[in-house]
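Everything below concerns the one structure shown next.
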Amino acid sequence: MKKLLLSILALLLVLGIGAYLFQGPITLGLMDRLVATRMSTSLLDQLPDGLNVVLCGAGSPLPDPERSGPCTAIVAGEHLFLIDSGSNSSRILTQLQLPHGEIDGILITHFHSDHIDGLGEMLLQAWIGSARTQPMPVYGPVGVEEIVEGLNRVYSQDRIYRTAHHGEDIAPSSGAGAVPRPFSQPAPGEARVIFDDDELRITAFSVLHEPVEPAVGYRFDYKGRSVVVSGDTRKSKNLENFAQGTDLLIHEALSRELVGVMTMGAEKAGQTNLAKITKDILDYHASPVEAAESASAAGADHLLFYHIVPPLLISPMEALFVEGVSDAYDGPFTVGRDGTLISLPAGSDEITVEQLL
Ligand SMILES: [Zn+2]
Ligand SMILES: [Zn+2]
């Protein structure tokens, strides 16, 4: 018995020393398999025909480990559109295995920095990711052309290096950067159809985010299913009208109670600028209960919160964030995080929710 134990110990020791000595080759072998699997998999192959929404950024300008800057990916059949591209959203897209090269266009809701400050990286990845020969269309209210021209200028040196280094086949000079697709801000009640190919229709409508103007939300209709994305807005009757009967309302939300705690903390710490800012932001966002009231008024079947303010750093904060939501809205709701996937398969009433990250 003693001999057997000694032999097992000796064997374990040999295995341990072997693993230590060969940890480099073992790691490289694992990495080889992991990289091959990741690079050959696309989330697009796993989604049903219909409307699929993936949050590539569920947060706001405030840092939240689970929520990057605002970005919503919408997959409708063969199409992949993004709405806004906040900080870190391009990297989240990579983690989600949503190929940048497949993006058809990026829609901007308004020009607050948190909605556009991931655009440079997103455009670069989309260009190199598929050897695009045409620049990426970036849709938005009038003013988007300034953003696009500015970004194209910022990256004008980089694009030359990339083509020089990788060649025209990999980085075609004609496909770098973006091309603006501006539309005039729709008046309240007015719909601006910005994309329509008989199957997928994307409509822009105005929302309320003063002093930020223009500011729009978007509605996607595809094979009898629909999704409405609020952009940044306080409670908006116009949004409720455009969201009538939608399957899924994706609405921004700010908890005044939780932000109030931040304000008190900032005041106590003598951070007067921060205290002023946290007070100012209260008037141009909707509270979770107001978003729920809009979902109820629109008759939406599901409500997804995104652009969540403040960061929900510990789980009890989430319960406080949604306090009162169930009283204002009968339907199911989801507090979004990076990687929240909601699928609306065509030809059904089904709504499935998954967390991919
Ligand atoms: Zn914002
Ligand atoms: Zn904003």
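Filtered by the rule that a residue be within 16 Å of ligand 2 (Cβ to nearest atom) and crowded, with 24+ Cβ neighbours inside 10 Å, the range 40-61 gives G57, A58, G59, S60. Checking each residue in the range 140-173 for being surrounded by fewer than 19 Cβ atoms within 10 Å (Cβ to Cβ), outside any helix (DSSP H, G or I) and among the small types (G, A, S) picks out G143, G167. Going through (1) within 15 Å of ligand 2 (Cβ to nearest atom); (2) outside any helix (DSSP H, G or I) one by one, R219 falls short only on (1). Restricting attention to the range 103-121, the residues that are away from ligand 2 (no atom under 12 Å from the Cβ) and either touching a strand residue (DSSP E or B) at 6+ places or on another chain (Cβ under 6 Å) or polar (S, T, N, Q) (or both) add up to 5. Listed here are the helices (runs of 4 or more DSSP H) enclosed by the range 256-357 that have at least 3 residues being in contact (Cβ under 8 Å) with a residue 24 or more places away in the chain and surrounded by 15 or more Cβ atoms within 10 Å (Cβ to Cβ): 256-268, 288-298.
Does A73 qualify as being hydrophobic (A, V, I, L, M, F, W, C), more than 16 Å from ligand 1 (Cβ to nearest atom) and surrounded by fewer than 17 Cβ atoms within 10 Å (Cβ to Cβ)? For A73, the condition - hydrophobic (A, V, I, L, M, F, W, C), more than 16 Å from ligand 1 (Cβ to nearest atom) and surrounded by fewer than 17 Cβ atoms within 10 Å (Cβ to Cβ) - is not met. Residue-level analysis places T278 outside the set of residues that are among the β-branched types (V, I, T) and away from ligand 1 (no atom under 16 Å from the Cβ). Tell me, please, whether a residue that is β-branched (V, I, T) and over 19 Å from I128 (Cα atoms) can be found in the range 85-98. No, the range 85-98 contains no residue that is β-branched (V, I, T) and over 19 Å from I128 (Cα atoms). When F195 is tested against (1) part of a strand (DSSP E or B); (2) crowded, with 23+ Cβ neighbours inside 10 Å; (3) in contact (Cβ under 8 Å) with a residue 40 or more places away in the chain, only condition (2) is not met. Considering the range 64-74, and only residues there that are touching a Gly at 6+ places or on another chain (Cβ under 9 Å) and assigned to a strand (DSSP E or B), the residue that is farthest from I250 (Cα to Cα) turns out to be R67. Residue by residue through the range 215-238, note down the ones that are surrounded by 21 or more Cβ atoms within 10 Å (Cβ to Cβ) and over 19 Å from T72 (Cα atoms). Within the range 215-238, S236 is the sole residue that qualifies. Out of everything in the range 76-119 that is surrounded by fewer than 19 Cβ atoms within 10 Å (Cβ to Cβ), of a type in the set (G, A, S) and part of a helix (DSSP H, G or I), what residue ends up being farthest from ligand 1 (Cβ to nearest atom)? Once the filter is applied, the top-ranked residue is G101. Among the residues of the range 239-255, those identified as more than 16 Å from ligand 1 (Cβ to nearest atom), part of a helix (DSSP H, G or I) and crowded, with 19+ Cβ neighbours inside 10 Å are E240, F242. Screening P25, P48, P61 for residues that are modelled with pLDDT under 95 and assigned by TED's automatic domain parsing to the domain that holds I106 leaves exactly one candidate, P61.
The values are calculated or read from the model by the stated rules, or taken from the named source; none is laboratory data. Note that this is a predicted model, so its numbers are computed, not measured. As a convention, Cβ positions derive from the backbone with ideal geometry for all residues, glycine included, and neighbour counts pool all protein chains shown.
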